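Everything below concerns the one structure shown next.
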Amino acid sequence: MARSRTPKFDASEVITNEIIRIIERGVLPWRKPWTTGGSSRPLRVGGEPYQGVNNFLLTMRTVMAGHSSPFWMTLPQANALDAKVRKGEKSSVVVYYGQSRRDAGDEDDRSDGDDRSEEARIFRFQKSYRVFNACQIEGLPDSFYPDPEPALEHPQSEPIPHMQAFFDAIDITTVFTGTEAYYLPPVDKVYMPSITRFQDPRNFYGVWAHELAHATKAPHRLNRDFGYSKFGNTSYAREEIVAELTSVFLGQTLGFTAHTLEMNAAYLHNWLRVLRSDKGAIFRHAADAQRACDYLIVRSETGRAGRSAEAA
């Protein structure tokens with residue numbers, strides 16, 4: 001009698017299905033403004049911020065669960081601090097990527113006439129692990145529950161100085177006109193409505209970040225290409241996901257949340273179509289978004305440094 005096998009745990013499928021279930025409710029929880037315990041990003045036990053897809057996943061879970069601590073850790077890490085996860089608490093799955101080297105001399109790598117068979121080959125792999133928020137754990141030091149910073153108030157339709165300075169320094173031309181926001185590849189320009197059209201200025205910067213994210217796909221920048229793109233097709237949907245996540249990541253640095261001028265069923269459908277057809281999409285596009293975010297940060301820093309040098 002053959003024994004039934006337990007299906008192998010597939011982190012990509014589990015995480016993707018989790019996101020699909022949330023979006024099917026008609027919400028994007030990572031757009032909710034939040035700062036937990038003085039941090040705008042989920043933090044590892046040692047205080048380092050998560051990046052890429054893990055940042056996105058734990059941001060979403062922090063918002064949905066209402067956690068007041070930004071810290072996440074594994075069960076062994078909690079135990080090492082003489083703390084215990086409360087009974088009944090559920091863990092969150094996150095992932096990490098590594099590399100392994102298989103020598104070309106291995107039997108599986110040999111092929112007649114293949115000169116590369118003598119070379120070492122590098123293989124990337126994905127593994128998953130489970131973490132708990134500090135709010136799910138008893139006995140941790142008080143430092144894992146920092147006090148929240150007071151929410152800042154910003155005048156309506158007025159520039160926010162540090163955000164404006166950041167975007168002004170990026171060497172991608174933005175034209176402020178009309179009522180629509182978009183990036184136009186043939187002229188390599190971003191078009192934005194004036195900030196006076198936004199009651200909350202943070203939404204203005206969220207939209208600007210979204211459109212600048214699209215501009216990073218240009219061949220002379222990050223050269224991101226998902227194939228022929230037109231409104232509503234899969235290539236278009238993939239690029240929209242990258243722009244959304246770039247705005248999430250950049251907003252964590254500057255203090256705004258992702259925002260678009262239109263939030264409708266069609267926008268949500270873009271996400272669902274890609275996620276349902278490709279369980280690895282969110283991982284690749286979160287990595288794309290992290291690269292776009294890092295690129296824009298570097299361009300802003302370079303622009304501001306150049307202006308300071310000119311003024312000296």
Starting from residues that are loosely packed, with under 10 Cβ neighbours inside 10 Å and touching a residue at least 24 places away in the same chain (Cβ under 8 Å), keep the ones in the range 144-155 and report whichever is farthest from T196 (Cα to Cα). D147
Looking only at the range 156-201, which residues are without any contact (Cβ under 8 Å) to a residue 40 or more places away in the chain and among the aliphatic types (A, V, I, L, M)? V175, L184, V187, V190, M192, I195
Picking from E138, E149, E118, which residue would you name as being at pLDDT 95 or above, among the acidic types (D, E) and either over 27 Å from the mean Cα position of the chain (by Cα) or not assigned by TED's automatic domain parsing to the domain that holds W34 (or both)? E138
In the range 282-301, is there at least one residue being more than 30 Å from I160 (Cβ to Cβ) and of a type in the set (S, T, N, Q)? no
Quick one: in the range 1-29, of everything that is farther than 18 Å from N54 by Cα and among the polar types (S, T, N, Q), which residue is modelled with the highest pLDDT? T6
Return the residue satisfying two criteria in turn: it lies in the range 124-143 and is in a strand (DSSP E or B) and hydrophobic (A, V, I, L, M, F, W, C), and of such residues it is surrounded by the fewest Cβ atoms within 10 Å (Cβ to Cβ). F125
Which members of the range 282-312 meet the condition of being surrounded by fewer than 20 Cβ atoms within 10 Å (Cβ to Cβ) and either aliphatic (A, V, I, L, M) or closer than 18 Å to A181 by Cβ (or both)? A287, I297, V298, A305, A309, A311, A312
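The values are calculated or read from the model by the stated rules, or taken from the named source; none is laboratory data. Since the structure is predicted, the reported quantities are computational estimates derived from the model, not experimental observations. Don't worry about glycine lacking a Cβ; one is built from the backbone with ideal geometry, like all the others, and counts go over all protein chains shown.
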